[in-house]
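Trainee: Take a look at the following structure, please.
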Amino acid sequence: MAGTVTGTAGYRERIALPPEAVLEVQLLDVSRMDVAATVLSARRFAMTGVPQAFELAYDDALIEPAMSYSVSARILLGDKLLFITDTKNAVLTRGAGDRVDLMLVRVPQADPNSLENTSWRVSHLDGAAVEAERMPEIAFAAGGGFGLRGACNSFRGTAEVAGDKLTLPANMAGTLMACSEQAETLDRALLAAFPRVAGFTIDGETLVMNDAQGGEVLRLTRLP
């Protein structure tokens, strides 16, 4: 026989969702603490309102009175996770019923203008297109970590970011590989340009590093 869990899913923020947003609801077996929860039933609903009503069918034969079950939910926009349940919402056994009202919490979204945990390929230096067998790449890690994978050698240091202001390290530890004169010359030119960088702008997939007067020093393209 088929059973049904019903309920609603909502959130506290006064935010209107795009019409493409969907609610995904799952009935989970959460009896075993040392293994991942087993999905017994799942269904998606168009978000036509907040709260959004849902109805989730399941097979009665899968439910054991001594076990524990919970309903989880998340709101998605394409592959982007917007809201999610962060508490256990018990149903069906151990005194719980077959209805539950879920309150989802907002998932923090990455700042599109943040450099943290991003990687970029250098395309232009002082307005001139960069050409190299190994195109230079720059990476920003959490906490100011900064790395240059140059045309020849690789370098690491610490950058300072404050709003749209950017200071790149003037002195960095690097490898000492023997490479072509062209590659070494490009690396030296990049390192010499770093102290001139004073700020940055991000426009979609393009990062521009500017000097104190707003002139372009480096132009880069975002890497996956």
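Trainee: Could you give me the ³J(HN,Hα) list for the range 86-103, computed from phi with Karplus coefficients 6.51, -1.76, 1.60 and θ = phi - 60°, whole Hz, x at Gly and Pro?
Mentor: Karplus-based 3J(HN,Hα) across the range 86-103 equals 10, 10, 7, 10, 5, 9, 6, 10, 6, x, 8, x, 10, 10, 8, 9, 9, 10 Hz.
Trainee: Right, something else. How large is ³J(HN,Hα) for each residue in the range 41-56, as worked out from phi by the Karplus curve 6.51 cos²θ - 1.76 cosθ + 1.60 (θ = phi - 60°), to whole Hz, x for Gly and Pro?
Mentor: Per-residue couplings from phi come out as 7, 8, 7, 10, 9, 5, 7, 8, x, 10, x, 9, 6, 9, 9, 10 Hz.
Trainee: Using the heavy atoms of the protein chains and a 1.4 angstrom probe, tell me the accessible area per residue for the range 118-222 in square angstrom.
Mentor: On a per-residue basis, the range 118-222 sits at 53 Å².
Trainee: Summing +1 for each Lys or Arg and -1 for each Asp or Glu, what net charge is found among the other residues whose Cβ lies under 14 Å from the Cβ of Ala9?
Mentor: +1
Trainee: How many percent of the accessible area of the range 118-222 is carbon or sulfur, using a 1.4 Å probe?
Mentor: 50 percent
Trainee: What Kirkwood radius, in Å to one decimal, follows from the Cα pairs of the range 62-150?
Mentor: It is 17.9 Å.
Trainee: Counting alpha carbon pairs within less than 8 Å and at least 6 residues apart, what relative contact order, in whole percent, applies to the range 2-106?
Mentor: With pairs under 8 Å counted, the relative contact order is 36 percent.
Trainee: Turning to a different aspect of this structure: Calculate, in nm to one decimal, what Ala142 and Ala96 gain on full extension: separation in residues at 0.36 nm each, minus their alpha carbon distance.
Mentor: Between Ala142 and Ala96, full extension yields 12.2 nm more.
Trainee: How charged is the neighbourhood of Arg106? Take every other residue with its Cβ under 13 Å from the Cβ of Arg106, and add Lys/Arg as +1 and Asp/Glu as -1.
Mentor: My count for the surroundings of Arg106 gives +2.
Trainee: Next up: Please build a GNM for the chain, connecting alpha carbons under 10 Å apart, and tell me which residue among Leu190, Leu125, Leu176 fluctuates the most.
Mentor: Among Leu190, Leu125, Leu176, the largest GNM mean-square fluctuation belongs to Leu176.
Trainee: Which value in deg cm²/dmol, rounded to the nearest 500, describes the helix-derived mean residue ellipticity at 222 nm for the chain, given -39,500 (n - 2.57) per DSSP H run of n ≥ 4 and division by the residue count?
Mentor: Taking each H run of at least 4 residues, the total per residue is -2000 deg cm²/dmol.
Trainee: Could you go through the range 114-127 in sequence order and give the Karplus-derived ³J(HN,Hα) for each residue, using 6.51 cos²θ - 1.76 cosθ + 1.60 with θ = phi - 60°, rounded to whole Hz, and x for Gly and Pro?
Mentor: Using θ = phi - 60°, the values come out as 8, 8, 4, 6, 10, 10, 9, 9, 6, 10, 9, 10, 6, x Hz.
Trainee: Check Val107: other-chain or 5+ apart residues with amide H under 5 Å from its amide H, H built from backbone geometry?
Mentor: Amide H neighbours of Val107, under 5 Å, 5+ apart: Phe83, Ile84.
Trainee: What is the diffusion coefficient of the chain in µm²/s, taking the Kirkwood radius over Cα pairs and the Stokes-Einstein relation at 4 °C with a viscosity of 1.567 mPa s?
Mentor: After rounding, the answer is 60 µm²/s.
The values are calculated or read from the model by the stated rules, or taken from the named source; none is laboratory data. Values in this document were obtained by computation on a predicted structure and should not be read as measured data. Ideal geometry is used to build each Cβ from the backbone, glycine not excepted, and the neighbour counts take in all protein chains shown. Quick note on the areas: whole protein, heavy atoms, side chains included, nothing else; ligands and nucleic acids left out. Shrake-Rupley method; radii C 1.70, N 1.55, O 1.52, S 1.80 Å.
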